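The values are calculated or read from the model by the stated rules, or taken from the named source; none is laboratory data. Just so you know, these numbers come straight off a predicted model, no measurement behind them. So basically every Cβ, Gly included, is an ideal-geometry build from the backbone, and we count neighbours across all protein chains shown.
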Amino acid sequence: MHPDMQAIPCSIVRGGTSKAVFFLENNLPQDKELRDKVIHSAFGGVDVRQIDGLGGADTLTSKVAIVGPSTRGDCDVDYTFGQVSFQAELVDYKGNCGNISSAVGPFAIDAGLVRAVEPVTTVRIHLTNTGNVIVAEVPVKDGKALTHGDFAIAGVPGTGSRITLDFSDTQGAQTGELLPTGNAKDVFDFGDGGRYEVSLVDAGNPLVFITAGALGMKGTETPDEIESNRELMERIEMIRGRAAVVFGLVDDEKKAAAESPYVPFFAIVSPPASYECYNGAHVDREDVDVVSRLLFMLHMHKTYPGTGTVCTGCAARIPGSVVWEQLSEEARGNVVLRIGHPAGVIPVEAASELRDGKVFITRAAFYRTARKIMDGVVYIKNSVFE
């Protein structure tokens, strides 16, 4: 016991190329407003360094996962994802993180919420943010999730045990439709601000797709090169803001940065190309089917998010979409799409079929590794609870 702080059990877990603080649902306050105050305090509050908490002062590490017994009979656990802002008192629950989703199955198994069945345990995860189901296949041994393995992902040192995640149930998660406007492509007209062809796709998370050429880019720029171009970043947010209105996330495109900074994601796609990665890796043109640079939380992603991977794979299976147009005839027919991102290449399995003239996704799966880093308690000041 501490006289002026309360201790709350938690874990720090890496999932894919991100990290999150994981809480068991019953260890947090049931009142949602108080729960968010506690979470924000645990991460370090409004501080670009998050020096007084567990947050890593980075959009890839300021994430929270809340896991508990399932409220659905067809699932094993409930999972709520939150993107924790270090620039405002905000925990954004409007979307999901595919990387952190990959750690939910292992965390639930290790916490005893799901019985381990060797050699691979299937965990059905109820994503409470949108009401959809994610199916994880987790290698296990001796009652625990395996971490050792030979599977490597760009952006994470070393190798680990391969976790497969099927997101095919998440099409239309935000809007009810894979294509919210019913179109493979739409045009956003900003008058003197320009006209832009975009594809709006809702799978995993809602995404805006645009070509690099439409923004005057090559498509192989590093995240720092893009972020240092203030005019480009302002144009990206202008387009993203309008998409946020179309997706039904905000009622005013100028409020998107404040009210919905996490989603929609914004992907800048281009044809296959060879390029040098910011981390020293090299990507050959022959090893990718499409090149992409993705923005979320008003910053460029240093690798590629899991839900963004899912949505890009789905968009590639929609004839006439911005992504589909970047692909070769061979790549359009393949089940596996290889996406070139700032730190390497990520594959995604994606397949679709036509039903009554509409595209439906039948497979949307990708692979990640995950590892628990720490179990312990985080101390929250008593004043947070007052």
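Before moving on, here are some points about what is shown:
- The condition of being within 22 Å of the chain's Cα centre (by Cα), without any contact (Cβ under 8 Å) to a residue 12 or more places away in the chain and in a loop (DSSP other than H, G, I, E, B) holds for only one of GLY182, GLY158, that being GLY158.
- Whichever residue in segment 250-270 is touching a residue at least 60 places away in the same chain (Cβ under 8 Å) and either farther than 20 Å from VAL322 by Cβ or among the small types (Gly, Ala, Ser) (or both) and, among such residues, is surrounded by the most Cβ atoms within 10 Å (Cβ to Cβ): ALA267
- Condition met for ARG368 (under 26 Å from the mean Cα position of the chain (by Cα), closer than 29 Å to ILE12 by Cα and surrounded by 14 or more Cβ atoms within 10 Å (Cβ to Cβ)): yes
- Checked against the criterion of being at pLDDT 95 or above and out of contact with any Asp or Glu (no Cβ under 8 Å at 6 or more places or on another chain), the candidates ALA214, ALA203 yield just one match: ALA203.
- Subset of segment 46-69 [among the charged types (D, E, K, R) and either within 20 Å of GLY15 (Cα to Cα) or in contact (Cβ under 8 Å) with a residue 60 or more places away in the chain (or both)]: ASP58, LYS63
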